[in-house]
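Student: The following block contains the structure, expressed as structure tokens.
The values are calculated or read from the model by the stated rules, or taken from the named source; none is laboratory data. These figures come from a predicted structure and were not determined experimentally. Note that each Cβ is placed from the backbone with ideal geometry, even for glycine, and that neighbours are counted across all protein chains shown.
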Amino acid sequence: CILIFILLIVGLRIKNMLFPPKVDSSELDIDKIFAQQAQSQEGLHPLENIEQRTIDIKYISKDNIVDTRQMRLYIPKDAEQPIPVIYIPHYEMTEDAVELRKYLAEGWMVASPTKFDNKYNGQLTDDDLVFNNAALYTLRHMEEVDHQRIALVGGSAGGCTTLMLNALQMGINASIANSPIANVYFNFYQYFPEGNQL
């Protein structure tokens with residue numbers, strides 16, 4: 001079985017050497033993307049024709065206290081309303097993010113929490129989730145938002161939050177969860193506490 005697997009791998013490598021795959025010029029250049037993501041804010045031009053709006057989001061914490069966090073909206077000024085929206089849960093999407101500029105170039109509104117604090121990683125299944133759920137609810141009820149075209153995009157803990165928001169709110173048009181945490185309960189209530197004790 002192992003020999004067949006090795007022969008298959010070697011065969012594929014020889015095939016690719018003799019018949020290299022054709023590269024479509026429209027495909028993304030991964031090295032270029034990583035280089036763009038590594039650029040400092042100084043190397044990027046300021047956002048033009050984009051309205052930035054900050055909204056207070058009220059939610060009830062696990063301690064039964066009405067708390068407030070903020071969500072920032074990036075809205076293309078020339079976009080036809082209602083506008084499709086991409087919500088980035090958990091982490092803040094800042095002006096220097098290449099993804100933000102790509103979404104805005106497509107004419108999409110982009111929203112994300114502001115002023116991210118590492119303590120939110122420890123609140124992923126309680127206060128942070130309640131806040132992100134309230135933020136998404138607020139977006140879904142804004143006049144300028146196309147309620148039929150709402151997408152969630154998150155990575156790591158944001159990917160996990162994306163999956164949890166899908167369970168809480170029906171009718172999300174699309175969701176991309178990049179590297180979500182596989183087992184939140186086990187990681188937060190078993191693995192991390194035991195790791196901290198070591």
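Student: What is the residue count in the stretch 70-106 for residues that are assigned to a strand (DSSP E or B) and among the basic types (K, R)? Please lay out each step first, then the result.
Tutor: Narrowing the stretch 70-106 to residues assigned to a strand (DSSP E or B): 70-76, 83-87.
Cutting the leftovers down to among the basic types (K, R) gives us 72.
Adding up the residues that qualify gives 1.
Student: Taking the stretch 139-161 as the region of interest, how many residues are farther than 20 Å from L104 by Cα and either over 17 Å from the mean Cα position of the chain (by Cα) or of a type in the set (S, T, N, Q) (or both)?
Tutor: The number of residues fulfilling the criteria is 3.
Student: Of the conditions (1) within 17 Å of A157 (Cα to Cα); (2) more than 17 Å from the chain's Cα centre (by Cα), D56 satisfies every one except a single condition; which number is it?
Tutor: Tallying (1) within 17 Å of A157 (Cα to Cα); (2) more than 17 Å from the chain's Cα centre (by Cα), D56 fails exactly one: (1).
Student: Another question about this same structure. D67 passes all but one of (1) within 17 Å of the chain's Cα centre (by Cα); (2) more than 24 Å from N49 (Cβ to Cβ); (3) part of a strand (DSSP E or B); which number fails?
Tutor: (1)
Student: Restricting to the stretch 72-94, what's the tally of residues that are surrounded by fewer than 15 Cβ atoms within 10 Å (Cβ to Cβ) and within 15 Å of the chain's Cα centre (by Cα)?
Tutor: So in the stretch 72-94, the residues surrounded by fewer than 15 Cβ atoms within 10 Å (Cβ to Cβ) come out as 77-78, 80-81, 94.
With within 15 Å of the chain's Cα centre (by Cα) added as a condition, the list becomes 94.
Qualifying residue count for the region: 1.
Student: For a quick check of your reading of the model, give me the residue pairs whose first member lies in the stretch 54-79 and is free of Cβ contacts under 8 Å to residues at least 24 places away in the same chain, whose second is crowded, with 19+ Cβ neighbours inside 10 Å and in a strand (DSSP E or B), with beta-carbon atoms closer than 9 Å and at least 6 apart or on different chains.
Tutor: D56/R69; D56/M71; V66/Y59; T68/I57; T68/Y59
Student: Scanning the stretch 100-119 for residues that are buried (at least 21 other Cβ atoms within 10 Å of the Cβ) and closer than 21 Å to V66 by Cα, which turns out nearest to the chain's Cα centre (by Cα)?
Tutor: S112
Student: Still on this model: Looking at the stretch 124-156, which of the residues that are under 19 Å from S61 (Cα atoms) and among the aliphatic types (A, V, I, L, M) is modelled with the lowest pLDDT? Spell out the reasoning first.
Tutor: Here is the first cut: in the stretch 124-156, the residues under 19 Å from S61 (Cα atoms) are 124-138.
Then keep just the ones that are among the aliphatic types (A, V, I, L, M); that gives 124, 129-130, 134-136.
Working: L124: 86, L129: 95, V130: 96, A134: 97, A135: 97, L136: 96.
In this case the residue turns out to be L124.
Student: Within the stretch 92-113, identify whether any single residue is in contact with a strand residue (DSSP E or B) (Cβ under 6 Å, 6 or more places away or on another chain), in contact (Cβ under 8 Å) with a residue 60 or more places away in the chain and under 26 Å from L47 (Cβ atoms), and answer yes or no.
Tutor: No: zero hits.
Student: Something else about it: All but one of (1) β-branched (V, I, T); (2) in contact with a helix residue (DSSP H, G or I) (Cβ under 8 Å, 6 or more places away or on another chain); (3) in a helix (DSSP H, G or I) hold for V110; state the number of the condition that does not hold.
Tutor: (3)
Student: I65 passes all but one of (1) among the hydrophobic types (A, V, I, L, M, F, W, C); (2) in contact with a Gly (Cβ under 8 Å, 6 or more places away or on another chain); (3) over 26 Å from G159 (Cβ atoms); which number fails?
Tutor: (2)
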